[in-house]
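Report on the following structure.
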Amino acid sequence: MNTRTVHTVHPSPLGDLLLTATVSADGVTLTSLTLPGQRGAPTVRAEDRDDAPFAEAHRQLDAYFAGRRIRFDLPLAPAGTAFQRAVWQALDDIPYGTTTTYGELAARLGVPRSELRAVGRALGANPVLLVRPCHRVIGADGSMRGYAGGVGNKVWLLTHEGALQPTLV
């Protein structure tokens, strides 16, 4: 089977998002979505840019940023360990406009409190930000703990979704 890896850029209120995917006879599978300046973002080659396979991802992202989409429905194939994939999949159950804590997420997964940092590390390695909403996981005290896309972007996303109230400056 002939498979190729391609990428595109999606303009957003947070800056240009980088999306990567594999394309095969079976279709397009999203492998990463990263924010500008994100640590661990994939390295891409200009000659591998192909916007066409991302038409549905562009449509869903536009609808999300316009406030018309609360859930993504895209084929995903993020690379990670079985534990990481379990944590990332659990993110799909956190409703739009809400947050949960690291401890609550760990409890849902049956992870003991002594392994809470492993959950945090898995969240930090999430390769498909926004689509798998790790920005909805916050500290037990309500604090905006680490986010691979930057804490400022986490606050923006939670405000956009209505989970945080806008602050007046």
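The values are calculated or read from the model by the stated rules, or taken from the named source; none is laboratory data. Not measured: the values here are computed from a predicted model. As a convention, Cβ positions derive from the backbone with ideal geometry for all residues, glycine included, and neighbour counts pool all protein chains shown. Just so you know, the surface numbers come from the protein's heavy atoms only, side chains and all, with ligands and any DNA or RNA stripped out. Shrake-Rupley method; radii C 1.70, N 1.55, O 1.52, S 1.80 Å.
A few notes on this one:
- Surface share of carbon and sulfur [accessible, 1.4 angstrom probe, percent] for the chain: 53 percent
- Heavy-atom surface of segment 30-146, accessible at 1.4 Å and reported per residue (Å²): 52 Å²
- For His135, the shell of other residues with beta-carbons less than 9 Å away shows a net charge of +1, using +1 for Lys and Arg and -1 for Asp and Glu.
- Computed label-point distance, nm, for sites Thr98 and Arg59 using a 7 Å Cα→Cβ extension: 2.9 nm
- Compactness of segment 50-169, expressed as Rg and Dmax over alpha-carbon positions, Å: 14.6, 45
- For the chain, built as a Gaussian network whose Cα springs stay under 10 Å, the top-fluctuating residue of Leu33, Leu14, Leu158: Leu14
- For segment 116-169, average projected area of the Cα convex hull in nm²: 4.0 nm²
- Full-extension gain in nm, Asp73 to Ser143, via 0.36 nm per residue minus C-alpha separation: 22.3 nm
- Table column - 3J(HN,Hα) (Hz), segment 74-85, Karplus curve with 6.51, -1.76, 1.60, x for Gly and Pro: 10, x, 10, 9, x, 7, x, 6, 4, 5, 4, 4
- Stretched out straight at 0.36 nm per residue, the stretch from Thr43 to Gln165 would grow longer than its current Cα-Cα span by 40.4 nm.
- Across Gln84, Gln38, Gln60, mean-square fluctuation computed from a Gaussian network of the chain (C-alpha pairs under 10 Å connected) peaks at Gln38.
- Spherically averaged projected area of segment 12-91 from its Cα convex hull (nm²): 6.3 nm²
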